[in-house]
1. Within region A:253-274, restricting attention to residues that are within 16 Å of ligand 1 (Cβ to nearest atom) and crowded, with 18+ Cβ neighbours inside 10 Å, which residue is farthest from the other protein chains (Cβ to nearest Cβ)?
2. Restricting the search to region B:145-179, which residues are within 9 Å of ligand 2 (Cβ to nearest atom) and crowded, with 24+ Cβ neighbours inside 10 Å?
3. How many residues does region A:81-110 hold that are assigned to a loop (DSSP other than H, G, I, E, B) and at the interface with chain B (Cβ under 9 Å from one of its Cβ atoms)?
4. Out of B:Glu96, B:Glu71, which single residue is among the acidic types (Asp, Glu), over 25 Å from B:Glu12 (Cα atoms) and out of contact with any Gly (no Cβ under 6 Å at 6 or more places or on another chain)?
5. When you scan region B:77-95, how many residues do you find that are surrounded by fewer than 24 Cβ atoms within 10 Å (Cβ to Cβ) and either of a type in the set (Gly, Ala, Ser) or touching a helix residue (DSSP H, G or I) at 6+ places or on another chain (Cβ under 7 Å) (or both)?
6. Among residues belonging to region C:47-69 that are of a type outside the set (Phe, Trp, Tyr) and in contact with a Lys or Arg (Cβ under 8 Å, 6 or more places away or on another chain), point out the one that is surrounded by the fewest Cβ atoms within 10 Å (Cβ to Cβ).
7. Please give the number of the condition A:Leu64 fails out of (1) more than 20 Å from the chain's Cα centre (by Cα); (2) buried (at least 20 other Cβ atoms within 10 Å of the Cβ).
Amino acid sequence: AQPRRWPLEKHEYKRYGRQLIMPEVGLHGQLRLKNARVLIVGVGGLGCPAAAYLAGAGVGTLGLMDGDTVEESNLHRQIAHSTARVDMNKTQSAMEYLQSLNPHVNYNRHEFHLTPQKAIQIFEQYDLVLDCTDHPTSRYLISDACILTGKTLVSASALKTEGQLIVLNNPPRPPGDALGGPCYRCIFPKPPPAESVLSCGEGGILGPVVGVMGVLQALEAIKVLTARAQRPANGGDWSTNGATSEAAPKATLLMFSTYNTPQFRSVRLRSRRADCAACSAQSTISRQSLTSGSLDYVAFCGATAPINLL
Amino acid sequence: AQPRRWPLEKHEYKRYGRQLIMPEVGLHGQLRLKNARVLIVGVGGLGCPAAAYLAGAGVGTLGLMDGDTVEESNLHRQIAHSTARVDMNKTQSAMEYLQSLNPHVNYNRHEFHLTPQKAIQIFEQYDLVLDCTDHPTSRYLISDACILTGKTLVSASALKTEGQLIVLNNPPRPPGDALGGPCYRCIFPKPPPAESVLSCGEGGILGPVVGVMGVLQALEAIKVLTARAQRPANGGDWSTNGATSEAAPKATLLMFSTYNTPQFRSVRLRSRRADCAACSAQSTISRQSLTSGSLDYVAFCGATAPINLL
Amino acid sequence: MPDTIDLKVEFTGGLELLFSNQRKHRITMPSSNPKGRPANVAYLITWLCDNLMKDPRKDMFVLDDSVRPGILVLINDADWELEGEEKYELQPGDEVVFVSTLHGG
Amino acid sequence: MPDTIDLKVEFTGGLELLFSNQRKHRITMPSSNPKGRPANVAYLITWLCDNLMKDPRKDMFVLDDSVRPGILVLINDADWELEGEEKYELQPGDEVVFVSTLHGG
Ligand SMILES: [Zn+2]
Ligand SMILES: [Zn+2]
């Protein structure tokens, strides 16, 4: 076979030209995006815009996981679905939209809710995971599976007029390695009382609020995927030299609040917890405990009513 | 005729239920949205997501203005278009997407670039305007026309890895009334040198960056449209009572920078400028000067190359 | 040492519903706890529960004498775990934010 | 009065390209201008142009002895027009941000 003369195909230079010409992406970053496999768990208010911008950016493989069907009450915020596709499975509905936006992405549909038994095997097929779900049960499960499979996790949530975003296990390191980023359990070792957990159906949600958080998830994913070993020179800190520290990485929580001043706030959180049940040397959560089903996330989160796992 | 028993139709309670149940919107706010007419000038990287979330929220009439056709290089960020609709006019392409998301909105297409001659007559058909264009020429024209027709303006821009957003003429008041919010000329009395102005084609743009700004434009529009006379009690300031001041309102600039820490920053800007060419008592810009075409925005901004007005 | 200390306290993520639906509060509280020790965050939490919280659902804010799971405490925009958690001694003008985690999507 | 003053200066909206592609700078500049007056923002702008800006395109930053049109100057997160514009006298530790307006969409 002849060696390829150009690393991208001609139409790709055209389609991705506006991001290719930026030093933060470049040809190098575009090839990383093309080779990347990203899993979006939950194709709702967060997952729809996140999928749109990741597909647009040319991520090579995009996995969509959701067991729900589209409802009319979703459509004010779940912008990849449509009125004609009400009652269709959400991964199917979103794929129709995404195919028409960018047919050059390889889409995988996982038409079911995530379970502990399936999580490891599915996550191993991807490089990065977006948590776009809506319940603590799935948030702990996704974080644990990301630690066990070594994937960085971009987690967001929204309710009413507010949103939150955090990048976890970044960089991804095995349990016990203090140079990995913290996981969801490091930040929230205990689940909230079940009666304090409101869903968007109960509490309501303003469409652009969850939309902003979903788009920001896509952006954080693109930043992680295109990052070189060294951060670009125009990076964030006040330092005058580019020294990289080998200190334990901390997570940053981005909070958004529509009617607050200022609307956005970034807060430095902790690094890995030395006694974390998932990511520390004392971890009690293993691949075996997930795949065997011995870990009961629903009981852990104390759900009082039966819920679908996702 | 029989009086209507319910202020909304049955399917509207279902479709908009997740925002209806929130006190910040409620039935009152939903009816305001339904009665509102919003004009989006520019159906590109900002206009596509802004239109999606405004259509989703149930804005009664949505105007789309753009003279351009869809290009493949738009699709990484202009998520209301599609590969099959390359070469189609952007308002037509976006309307196909928006119709499938929410067929209950009344869509108006303005399939041309904005000109001073047409601006007044078109803006008068709307209640609120979104500036989703990409050149200083159109930004000054849109702001002037909003002052002359008394419309609040939600203006955003993005380039490379950064974005900016500002709500202008809020509240809208006639020229010379210091209780109106500032206009674009109050903040930027003189246009930037033409050689300092980079377009997304020249400078590049990361899709989710312009996406975030467009979604936030939709949110600010919804906030303006659903606002009651009094702000909700959970509003922004540190004050312990709800006193409303009659001071001249200032504008707030929201700045976003992907690789900066923090990513978002809100800055208080000025109130109306006493010598503003557009919104002060000494204003020199009139309906007549726009409609007659005697104001040359291209010359004002010193464009060195011929550009399409939009 | 003055008898009182002035602080800014903010509730977000839905917690404001437990505090008269108001996010931002300027409070003046005793500068030492009943045992005469300087006011720390543990005492602030108790004080808020007794003095600022009108809602009867105390267990939506405190559990076992600390904030319930799912609430982050930020002291001057940093996670309290970086500041000594409940033992952090409050300084005049400190800003303490209580954030309830959101789960919707 | 000490001879120098320490400031944080930040460039954004593309202006950082004129300043070695670095957004955030800690600078130490004379605390009074050549005429012996306390350093104000006007002097800061001149000083940055002469001492920090390596790019030869000075007119992309200054025009007629002030910042060019299309650049906002923020002093401690407020528009400089609220602070006295160029006449604002700098205080140690002040943070001055220069923002170029974006136009893309
Ligand atoms: Zn952990
Ligand atoms: Zn003005």
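All of the numbers you see were taken from the coordinates with simple rules; none came from a lab. These numbers were taken from a predicted model, which means no experiment stands behind them. Here the Cβ is made from the backbone with ideal geometry for all residues, glycine too, and neighbour counts use every protein chain on show.
1. Going through region A:253-274, the residues within 16 Å of ligand 1 (Cβ to nearest atom) turn out to be A:253, A:269-274.
Adding the requirement that they be crowded, with 18+ Cβ neighbours inside 10 Å leaves A:253, A:269, A:271-273.
Working: A:Leu253: 7, A:Leu269: 4, A:Ser271: 9, A:Arg272: 12, A:Arg273: 9 Å.
The extreme case among them is A:Arg272.
2. B:Ile147, B:Leu168, B:Asn169
3. Number of matching residues: 5.
4. B:Glu71
5. Qualifying residue count for the region: 5.
6. C:Asp59
7. A:Leu64 satisfies all of (1) more than 20 Å from the chain's Cα centre (by Cα); (2) buried (at least 20 other Cβ atoms within 10 Å of the Cβ) except (1).
Results for (1) outside any helix (DSSP H, G or I); (2) within 13 Å of chain B (Cβ to nearest Cβ); (3) surrounded by fewer than 24 Cβ atoms within 10 Å (Cβ to Cβ), shown as yes or no for each residue.
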site: A:Tyr13; (1), (2), (3): no, yes, yes
site: A:Gln19; (1), (2), (3): no, yes, no
site: A:Glu24; (1), (2), (3): yes, yes, yes
site: A:Gln30; (1), (2), (3): no, yes, yes
site: A:Ile40; (1), (2), (3): yes, no, no
site: A:Gly44; (1), (2), (3): yes, yes, no
site: A:Cys48; (1), (2), (3): no, yes, no
site: A:Ala55; (1), (2), (3): no, yes, no
site: A:Val59; (1), (2), (3): yes, yes, no
